[in-house]
């Protein structure tokens, strides 16, 4: 059957205008054609990759066995389907859902490979955020039940030991043991209170205020809390809208973030606190559209290792040495922000250091 040149031209134009990524290689993997969508996704122009192999996109995320299996499949004339983590020209990584289709000649020999790629990076980010949100919700339900039951037990223990202590001779072994039991029980009760914050089982009286008000009240306290070797700079948007939060809870969240930053910097560095309005465009993935009052705290520490970033808000998760932390500081922040209808996002900032952003819905007036 003769090929219609007009149809061939239409097919080529369809490939050129498609939002999906297409490219063609020879049997050895050398690139013969890329469409504009390929250039937009990877940052490479056609002239930069023609004649080269797709190895220019390798991110190092896959093992040699992964590529051997892929090549064995397509060399045998079968379609390969899978996900690839690749690297753009600017160094950022992305995830492709990819199909590689062998093209055979009249003898059945594989002569070309036609690749179809779809960037699923954002979909995977949203999926990860949904999974993380569901996990944190499950942890919150579990923590709420455990903290409730333990709080009841500790209340009985503390009350009973108070009565027992009154009956024991002062200075005796029994009195000393009772005092130690009371001290340990009260420390445990304080931990339970933090766990209840994460589980959002605390009384809340939200009011409509701008974020700047509680922050201005915190200035003196933060300076004394963080020590002389940690400087705190403020950049507060004076015209920021009001939001509906519980001020004392918000101040507790800020103090937890600040002390966490101090510890990450080993008590020596700088913290920047700022407020601003965010949205409706440019919001982090997974945040519903709208306008937000934003609080941001960044530090000059080493940042958060990527492998632990998804876990830092989990209760009892800590990277501090044994006995140096409970692992409830950041989980309390998560609980406070969630109870007040906000979102908290942790990330590493360009140039080093961690940055925590809290978003509360802004109150807009008609």
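Every number here is computed from the coordinates shown, using simple stated rules; none is lab data. Treat the numbers as computed from the prediction; the structure is a model and nothing was measured. Here the Cβ positions follow ideal geometry from the backbone for every residue, glycine too, while neighbour counts run over all protein chains shown.
Annotations
- Modelled label reach - residue 277, point 7 Å along Cα→Cβ, the range 327-361 residues with backbone N closer than 15 Å: 360-361
- Using the Cβ-Cβ distance between residue 236 and residue 364 with R0 set to 22 Å, the FRET efficiency from 1/(1 + (r/R0)^6) comes to roughly 0.65.
- The gain in end-to-end length when the residue 58 to residue 105 segment is fully stretched comes to 14.0 nm, 0.36 nm per residue minus the alpha carbon separation.
- For 124, 265, the sequence from fewest to most other C-beta atoms within 10 Å is 124, 265.
- Relative to the current alpha-carbon distance between residue 125 and residue 308, full extension at 0.36 nm per residue lengthens the span by 64.3 nm.
- Among 156, 358, a tally of other beta-carbon atoms within 10 Å of each Cβ gives an order, fewest to most, of 156, 358.
- Going by neighbour counts of Cβ atoms within 10 Å, the residues 333, 207 line up, fewest first, as 207, 333.
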